[in-house]
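Colleague: Below are the structure tokens for one structure; questions will follow.
Laboratory data are not the source of any read-out in this text; all were calculated from the coordinates shown. Computed from a predicted structure; not experimentally measured. Ideal geometry is used to build each Cβ from the backbone, glycine not excepted, and the neighbour counts take in all protein chains shown.
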Amino acid sequence: VSNATFYWAEQFAGHASTRFATGASKRWSSGCLDEFWHYNALFGSAAALGSTVTLTGANSLQSMYLNSPENQGSCTTFVHWTKPGASGSGSALMLLAHALKATPRFGFYTNSVDRPAAITAMSEESLTRMRESGFLFARKVEGSARFHSKCETLENAMERVIFKSGLGSPSTQPQYNFVGDGQWLDNFSNGLSIKSTSPGHVTVVHTTEPAANGQGTYDCTGKISLSFNNGVQSQAVYDERHLMLKFENGVIWRKNPGSFLGDGLWMDSMGKWVTFESRPPNFITLHNQAYPDWKGQGTYSGLAVEITFQNGVHLAGSVSSDTQKLTWANGVEWVRV
């Protein structure tokens, strides 16, 4: 097969790339010539576009009309092409792609219409849509793809939802930043900040009392354990509804009413994770490890934010009243993780 493939590439690839290319342009690099070779070896090459070819021995498709705008036959692998018309209009590929895009916190990303989109983020709903579809496989799923859950990994969720193997086990190991990241007021109304340094770990920085600085751990249920520089150790539970940290000794910290309520982890429009970190009086930093050109500095006022990115772009945005969505002036939307 290798010799035949080499001969095909040397003698006919130029002709094949012109006749059978599926990319955006009729170039050598467009299309999948290795797949075209196997098709031609099995069924031969049709003389003209617009003709119907009989596929003797094929299981799912007995004949194929060349140059059809729709997909023909069936496929067991889901893949999403962003090039208009590449997957047909009413095909199973397009129907599942639309269903996935409609689920919350699902991420597709591609930087070229010549390449399939990569799946960067999934949720319970999107995994369920995949399970209910007729596809057996999916590509391309990024190795860094995340599952929207405070406790569960994507691998665990796939075992539970896709394979229903019973191997998925509950966990309190956090997958994301602490939900209470941001600016706080202690029980004496002194300012401080809580910042996740890595999944499961935080630091506390007090604005006026270094002895009250500290570090600690948290789990995905909102429980946090802190050790302060003055030797005090304490545990607290985050009350997301009332924006409070309730310590076991009765002390209560409250979210600073002047802080940016968008502090913490977000998913951008390309399915990547970014973090807002505010500091008094109204400054904010946007961290973006995936795309350093799109990190930046800026200011905030209430739920409004303005950022100047590393690449020079300046954008204003607004966080929704429920703090779950950020809409930029150019129409792009981010969602809270």
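Colleague: Give me the extension gain from T76 to T56: residue separation times 0.36 nm, minus the current Cα-Cα distance, reported in nm with one decimal.
Modeller: On the way: separation 20, 0.36 × 20 = 7.20 nm, distance 2.05 nm.
Full-extension gain reported as 5.2 nm.
Colleague: Which of the lysines could a cross-linker span from K223 if the Cα-Cα distance has to be under 24 Å and same-chain partners fewer than 8 positions apart are dropped?
Modeller: Here the lysines satisfying the reach criterion relative to K223 are K150, K195, K246, K255.
Colleague: Please give the charge dipole size of the range 108-197, origin at the Cα centre, charges +1 on K and R Cβ atoms and -1 on D and E Cβ atoms. Round to the nearest 20 debye.
Modeller: 240
Colleague: Treating only the Cβ atoms of Lys and Arg (+1) and Asp and Glu (-1) as charged, compute the dipole magnitude of the range 98-248 about its Cα centre; round to the nearest 20 debye. Can you show the working numbers first?
Modeller: Working: 15 positive and 15 negative charges, 116 e Å.
Using only the charged Cβ atoms, the result is roughly 560 debye.
Colleague: Another question, if that's okay. If R0 is 35 Å, what FRET efficiency do you get for E248 and L95 from their C-beta distance, rounded to 0.05?
Modeller: The calculated FRET efficiency here is 0.10.
Colleague: Still on this structure, I have one more. So which trypsin sites (Lys or Arg not before Pro) in the range 236-309 are both in a DSSP loop and have at most 10 other Cβ atoms within 10 Å of their Cβ?
Modeller: On the way: sites: R241, K246, R254, K255, K272, K295; in loops: R241, K272, K295.
Answer by residue number: R241.
Colleague: Next question. Roughly how many nanometres apart are two label points built 7 Å out from the Cα toward the Cβ at Y291 and S234?
Modeller: 4.2
Colleague: So, one more: Run the paramagnetic zone check for V313: 7 angstrom along Cα to Cβ, then residues of the range 251-290 with backbone nitrogen under 17 Å.
Modeller: Zone members listed by number: 266-276, 286-290.
Colleague: Per residue of the range 201-215, what does 6.51 cos²θ - 1.76 cosθ + 1.60 with θ = phi - 60° give for ³J(HN,Hα)? Whole Hz please, x for Gly and Pro, Karplus curve as stated.
Modeller: So the J values, rounded to whole Hz, are 9, 9, 10, 10, 10, 8, 6, 10, 10, x, 5, 8, 5, x, 8.
Colleague: Could you give the size of the charge dipole of the range 234-337 about its Cα centre, using +1 on the Cβ of each K and R and -1 on the Cβ of each D and E, expressed in debye and rounded to the nearest 20? Please report the intermediate quantities before stating the final value.
Modeller: On the way: 9 positive and 10 negative charges, 28 e Å.
Dipole about the Cα centre, nearest 20: 140 debye.
Colleague: So, in nm, how far is label T128 from label S301 when the simple model puts each one 7 Å beyond its Cα toward the Cβ?
Modeller: 4.2
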